[in-house]
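The values are calculated or read from the model by the stated rules, or taken from the named source; none is laboratory data. Given the structure is predicted, the values throughout are model-derived calculations rather than measurements. Every residue, glycine among them, receives a Cβ derived from its backbone with ideal geometry; neighbour counts consider all protein chains shown.
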Amino acid sequence: MAGPTAPDFQLVRIVREFLLASRLLLRVARRFRSGELTWAEVQELVGNDEASSLFRLKESTHALFRPRRGGAPAMCREALFDLAVGSLFHEAMKFRENFYQRAIYGPRVRALRQRGGIGADDLFREFERILAASLMRVEEALQEMETIFVQTRDECRALMRAHGGSGLLARFLVGHAGEVAEVFEEEIDLLLGAIHGSAAAAYLLAARSNLDSGFFGEALPCLDAAAERGVAESEIGPLRFFAAGMQAYLEARYGDALEGVEAWLDRVGTEGIESHRALARSALSRLDQLVCGPEAPDLLRRARVLTERLASPDATDAVDRARPGETSRRIRSGRPAG
């Protein structure tokens, strides 16, 4: 299975920012209607810098989906989502401006007028006219913002469906199931099915992506969830043994690690995924630097047998070719994941 690419990470970043902005937007709408909304909350949602959630979302979508000079144009789905996010940002800015008039500017004007002795009655009457109009405009701006939010949410769902083969996206969605269900107002299995074909396929995709990236402990509940949703034990079982064995290795439970890898290898034989074989081989070949005590001779003997079984002409340094970086470093050091 191919590992996550730079566009995969950028897509997940956009989905993460969309979830955060969506929850903030929904909270802002609720608190405005209850009369509890503060200016600080509006600034957290929308503004002209990185402190604002919608600003970060807009900048991320522009960076990924707007074509650079001489570059390939964005695909229709991506371009449409980018336009929707831009529209949402501008509607939110309208709400921000009108809320500022109501919550910050208006009280200042009235406090100044109450001090008396200033004159400028015509100017104050114009201020009051502007403020009265802003009270109506802020309601309209909120309604427009909510309308474009629903349309942008639909485009986000379609965008994710267009990238339904991304294991990193599946990992993110199942790992944030509660937030995802809240924002999309849809039961998580139904949403996963719409994006990845079925909820079972989504959990299996997430599990494989976790395994391929060296997050073995995180893969185990995904495998269990896939099994609960009908994925055959013949497919789940070997992966579960591999995940449990490699997680045991990272936790320095070397006897359990050998048992898990052996059980996995007994079931997959020479058909195991090469990157998984390389990870296991790299881990077991380092046990002589990690184990000690009276059990060491037996553990090392068993490790040598398994290492020979895992060897293949293409295995040399395959772990680094398949997953350079942190995954390889954790395996080589025996340092726990996370």
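Per this entry, Leu190 is not counted among residues that are buried (at least 21 other Cβ atoms within 10 Å of the Cβ) and not small (Gly, Ala, Ser). Within segment 54-83, the set of residues being modelled with pLDDT under 60 and either in a helix (DSSP H, G or I) or hydrophobic (A, V, I, L, M, F, W, C) (or both) comprises Ala72, Ala74. The set of residues in segment 36-53 being out of contact with any Leu (no Cβ under 9 Å at 6 or more places or on another chain) and either of a type in the set (Phe, Trp, Tyr) or outside any loop (DSSP other than H, G, I, E, B) (or both) consists of Trp39, Ala40, Val42, Gln43.
When Asp8 is tested against (1) under 30 Å from Gly272 (Cα atoms); (2) part of a loop (DSSP other than H, G, I, E, B), just one condition goes unmet, and that condition is (2). Residue count for segment 199-211, restricted to those that are among the hydroxyl-bearing types (Ser, Thr, Tyr) and in contact (Cβ under 8 Å) with a residue 60 or more places away in the chain: 1.
Checking each residue in segment 301-318 for being of a type in the set (A, V, I, L, M), buried (at least 17 other Cβ atoms within 10 Å of the Cβ) and either at pLDDT 90 or above or not assigned by TED's automatic domain parsing to the domain that holds Leu258 (or both) picks out Ala303, Leu306. When the test is whether a residue is surrounded by 20 or more Cβ atoms within 10 Å (Cβ to Cβ) and in a helix (DSSP H, G or I), Leu24 does not pass it. Filtered by the rule that a residue be modelled with pLDDT under 55 and surrounded by 14 or more Cβ atoms within 10 Å (Cβ to Cβ), segment 319-338 gives Val319, Asp320, Ala322, Arg323, Ala337.
Please verify whether Arg13 is in a helix (DSSP H, G or I) and either more than 18 Å from the chain's Cα centre (by Cα) or β-branched (Val, Ile, Thr) (or both), treating the condition exactly as stated. For Arg13, the condition - in a helix (DSSP H, G or I) and either more than 18 Å from the chain's Cα centre (by Cα) or β-branched (Val, Ile, Thr) (or both) - is not met. Checking each residue of segment 212-221 against the condition of being without any contact (Cβ under 8 Å) to a residue 40 or more places away in the chain, among the hydrophobic types (A, V, I, L, M, F, W, C) and outside the structural domain of Leu306 (by TED's automatic domain parsing) gives at least one match.
Rundown of residues vs (1) closer than 19 Å to Thr147 by Cα; (2) hydrophobic (A, V, I, L, M, F, W, C), yes/no style:
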{"residue": "Pro7", "(1), (2)": "no, no"}
{"residue": "Val12", "(1), (2)": "no, yes"}
{"residue": "Leu20", "(1), (2)": "yes, yes"}
{"residue": "Arg23", "(1), (2)": "yes, no"}
{"residue": "Leu26", "(1), (2)": "yes, yes"}
{"residue": "Ala29", "(1), (2)": "yes, yes"}
{"residue": "Phe32", "(1), (2)": "yes, yes"}
{"residue": "Glu36", "(1), (2)": "no, no"}
{"residue": "Val46", "(1), (2)": "yes, yes"}
